[in-house]
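The values are calculated or read from the model by the stated rules, or taken from the named source; none is laboratory data. Not measured: the values here are computed from a predicted model. FYI the Cβ positions are ideal-geometry reconstructions off the backbone, even for glycines, and counts take in every protein chain you see. Surface areas here come from the heavy atoms of the whole protein model, side chains and all, with no ligands, DNA or RNA. Shrake-Rupley method; radii C 1.70, N 1.55, O 1.52, S 1.80 Å.
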Amino acid sequence: GLKSTNGKWEVTDDGLYSDARDNGDCFLFSESSCDNFVFSTDVKSINGGGAAALVFRNGSSSNNKNCYAVNIDIGAKRGKFWRWVGGRDMVIGNDRECPASSDDTYTLKVVAYDGWVSFYVNDVLIASTGDYTIQPDDRGQNTCLTDGYFGLLNWNGEMVFQNTLFTPIDGDFNPLLEDITVESSG
């Protein structure tokens, strides 16, 4: 099942249509949850504005701002990774330029494995949980959410989501590299 908070969400022949113009944050939550996964969607902006986001590791399948989110600001062509804690958003990775799309269609993808989360737009790395350790100010990210529900977020846009799915990463898969040596001559 799916639960929305506001705005319009409708399944159409073209995909999941969402209209959040002048409505601010419009969430759609699923009843699916997972700990380690790849979560992705293709999103096409109809009006050339707003922001599309993936929401994950959410504490509730109905409405809860204790989760992670990644988005693309369609108009500005910039992506951001943040975490909501008690309803307050805390940026994990400063917004960065995303690859431009001639038809305003983008693929958003999150790869989450334990405490490591990476965010991609059109297969270009935009941000990761490692970013907050190299930014000059404290982002308060000394804890991590390790599981929870999936969702989508449309902020003030008109868009269609397609191919929205998650794939669990099972215990046999470990993308972490070990025994790495870095050498430098200077």
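Write down the accessible area per residue of the chain in Å², having rolled a 1.4 Å probe over the full set of protein chains.
51 Å²
Once you put a point 7 Å from the Cα of Tyr113 and another 7 Å from the Cα of Arg21, both along the Cβ direction, what distance in nm separates them?
Calculated label separation equals 4.3 nm.
By the scheme Lys and Arg +1, Asp and Glu -1, what is the net charge of all other residues having a beta-carbon under 13 Å from that of Ser33? Each step should come with its number before you reach the end.
Numbers: positive: Arg57; negative: Glu31, Asp35, Asp147.
It works out to a net charge of -2.
First measure r as the distance between the Cβ atoms of Asp172 and Asp14, then evaluate 1/(1 + (r/R0)^6) with R0 = 35 Å and state the FRET efficiency to the nearest 0.05.
Details: r = 37 Å, r/R0 = 1.06.
Efficiency computed from Cβ-Cβ geometry: 0.40.
For Asn47, put the label point 7 Å out on the Cα→Cβ axis and report which residues of segment 66-97 keep their amide N under 15 Å from it.
Within reach of a label on Asn47: 74-76.
When only C-alpha pairs under 8 Å and at least 6 residues apart count, what is the relative contact order of the chain, in percent?
Relative contact order here is 33 percent.
Looking only at segment 112-131, which residues have a backbone nitrogen under 18 Å from a spot 7 Å from the Cα of Leu165 in the C-beta direction?
Only 112, 122-123 fall inside the zone, counting backbone N under 18 Å.
For segment 1-144, what class follows from the C-alpha gyration tensor (a ≥ b ≥ c being the square roots of its eigenvalues): rounded when a/c is under 1.5, otherwise prolate if a/b is larger than b/c, else oblate?
oblate
Using 7 Å Cα-to-Cβ label points, what is the Ala76/Ser101 separation (nm, one decimal)?
1.8 nm
Which residue, Asp114, Asp104, Asp147, tops the fluctuation ranking in a GNM of the chain built on C-alpha contacts under 10 Å?
Its mean-square fluctuation being the largest, the pick is Asp114.
Using a Förster radius of 22 Å, what is the FRET efficiency between Asn63 and Glu31 based on their Cβ-Cβ separation? Nearest 0.05, please.
Efficiency at R0 = 22 Å is approximately 0.95.
Give me the percent of accessible area attributable to carbon and sulfur for the chain, probe 1.4 angstrom.
So the carbon and sulfur contribution to the accessible surface is 45 percent.
Counting helices only, and only those DSSP H runs with n ≥ 4, report the 222 nm mean residue ellipticity of the chain as the sum of -39,500 (n - 2.57) divided by its residues, in deg cm²/dmol to the nearest 500.
It comes out at -500 deg cm²/dmol, rounded to the nearest 500.
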